[in-house]
Amino acid sequence: MFNILLVEDDNNQRLLYEQELRIEGYKIMTAIDGRDALEKFQEQVPDLVILDINMPRMDGIEAIGRILSKNKQIPIIINTAYSSYKNSFMSWAADAYIVKSSDLSELKNKIRELLINRPKDT
């Protein structure tokens with residue numbers, strides 16, 4: 001069972017994603033912002049991280065840098081409502097950039113793809 005760290009500040013979206021991904025068979029850890037994500041990451045390194053960008057205290061872009069400084073191999077998906085961040089230099093460090101949608105199939109497909117193709121030593 002793969003462990004996913006889901007970082008989303010909107011409570012309703014976080015609950016929806018958590019429920020949908022549990023149905024897919026993943027173990028889900030949740031965080032409400034970048035700082036919370038780093039604390040959870042310290043407790044248990046996940047197999048994959050899904051990050052929103054616009055969050056209080058620490059945004060997703062800063063969190064990406066800090067997460068990758070601890071583990072360069074971890075797959076990261078940016079999942080945001082804003083397509084404008086796609087051209088941000090730091091967003092290039094993520095393995096995927098997905099604009100939020102009510103249809104979660106693109107997100108689910110990308111998760112499967114990244115977990116199947118991830119390096120074996122993580």
The lone condition Leu104 fails out of (1) touching a Phe, Trp or Tyr at 6+ places or on another chain (Cβ under 6 Å); (2) modelled with pLDDT of 90 or more is (1)
From (1) of a type outside the set (A, V, I, L, M, F, W, C); (2) surrounded by fewer than 18 Cβ atoms within 10 Å (Cβ to Cβ); (3) modelled with pLDDT of 95 or more, pick out the condition that doesn't hold for Gln42.
-> (3)
Does Met55 satisfy the criteria of being more than 16 Å from Ala93 (Cα to Cα), crowded, with 18+ Cβ neighbours inside 10 Å and in contact (Cβ under 8 Å) with a residue 24 or more places away in the chain?
-> yes
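The values are calculated or read from the model by the stated rules, or taken from the named source; none is laboratory data. Bear in mind that the values here come from a model prediction, so they are computed numbers and not experimental data. Backbone-built Cβ (ideal geometry, glycine too); neighbour counts: all protein chains shown.
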